[in-house]
Structures are given as structure tokens and as C-alpha cells.
Amino acid sequence: MHIPFEASTHVKNMLNNIGRTEDLAFSPDNCRLAIAAYSQNKILMLDIVISTSLDQSRVFISDCYEILSEDLNLPHGITWVDNKTLIVDNRFGQTIVLTLPDAQAG
């Protein structure tokens with residue numbers, strides 16, 4: 001099944017440049033998607049809206065931003081604790097806990 005998605009040029013460029021990924025996970029409320037950018041030592045966070053109907057589902061990626069931390073060292077596993085807290089496992093580092101902002105400032 002093909003589910004179309006819509007995104008701005010900025011979001012598409014960020015996705016195209018993410019490099020090798022190791023994991024991704026939807027937030028419990030399905031409003032965010034975290035992607036482990038393994039080789040870039042960061043997390044790409046997508047703000048998303050998923051809509052469904054009887055004949056079609058759509059995904060709209062409204063924004064994206066990078067989560068950077070000196071504690072990210074080849075991230076390869078992501079688990080959400082709640083809608084604001086991520087646990088990230090690093091290939092060559094420790095498991096870390098990241099608390100996210102309520103909203104990304106433009």
C-alpha cells in the first residue's frame with residue numbers, strides 16, 4: 001500500500017540529506033517521528049499529521065528539526081517514554097535520555 005506524504009522543500013531536503021539511519025519511532029500520540037541519523041550523530045525530528053479516511057490515508061510533515069547532543073555517538077535505537085521524552089541508545093556510547101521542547105521555535 002502506498003501512503004502519500006506532503007512536506008515542504010525544507011523538510012524534503014532534510015530527509016534527503018539524513019544519511020544512514022538505524023531506527024525510527026513514532027511518539028505515543030503519533031504527532032512526532034524521531035529518526036536516528038546514525039552517521040551524523042543526531043536525531044531528526046519530524047512534526048507530522050496523519051489523516052485517514054475509508055478510501056485514503058495521508059501524512060503531512062509540517063516541520064522538522066535536528067536534535068544535537070555531544071552524548072549522541074552513532075545513535076541506533078530510539079524509544080519514547082512519553083510525548084516529550086526519548087531514550088536513545090548509542091553504538092559507541094551510553095544510553096541517554098532526551099527531553100524535547102513543547103514546540104519548535106521558527
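Test of understanding: what is the full-extension gain from D63 to N17, defined as 0.36 nm times their sequence separation minus their Cα-Cα distance? Spell out each step's value before the answer.
Details: separation 46, 0.36 × 46 = 16.56 nm, distance 1.53 nm.
In short, 15.0 nm is gained.
Output the direction-averaged projected area (hull surface divided by four) of the convex hull of the alpha-carbon atoms of the chain, in nm². Walk me through the intermediate numbers first.
Numbers: hull surface 28.6 nm².
Taking the Cα atoms of the chain, their convex hull projects to 7.1 nm² on average.
Send over a whole-number figure in Å² for the accessible area per residue of the chain, probe 1.4 Å.
Numbers: 6450 Å² over 106 residues.
Heavy-atom SASA per residue in the chain reads 61 Å².
Taking 0.36 nm per residue of sequence separation and subtracting the Cα-Cα distance, how much length would be gained by fully extending the chain between H2 and F26, in nm to one decimal?
Values: separation 24, 0.36 × 24 = 8.64 nm, distance 1.86 nm.
The H2-F26 span can extend by a further 6.8 nm.
List the residues whose amide H sits under 5 Å from the amide H of R32, counting only those 5 or more places along or on another chain, with H placed 1.01 Å from N in the peptide plane.
Under 5 Å from the amide H of R32: S27, I48.
Only loop residues by DSSP count here, and only those with at most 16 other Cβ atoms within 10 Å; note down the chymotrypsin sites (Phe, Trp or Tyr not before Pro) in the range 18-93 that meet that. List each step's numbers first, then the result.
Working: sites: F26, Y38, F60, Y65, W80, F92; in loops: F92.
Those satisfying the criteria are F92.
Please report the carbon-and-sulfur percent of the accessible area for the range 9-61; probe 1.4 Å, protein heavy atoms only, DNA, RNA and ligands left out. Could the numbers behind the result be given before it?
Details: 1510 of 3010 Å².
After summing per-atom areas, the C and S share lands at 50 percent.
The values are calculated or read from the model by the stated rules, or taken from the named source; none is laboratory data. The shown structure was predicted, so the numbers you read here are calculated from the model rather than taken from an experiment. Every residue, glycine among them, receives a Cβ derived from its backbone with ideal geometry; neighbour counts consider all protein chains shown. For the accessible areas, the whole protein counts, side chains as well, though only heavy atoms, and no ligand, DNA or RNA atoms are used. Shrake-Rupley method; radii C 1.70, N 1.55, O 1.52, S 1.80 Å.
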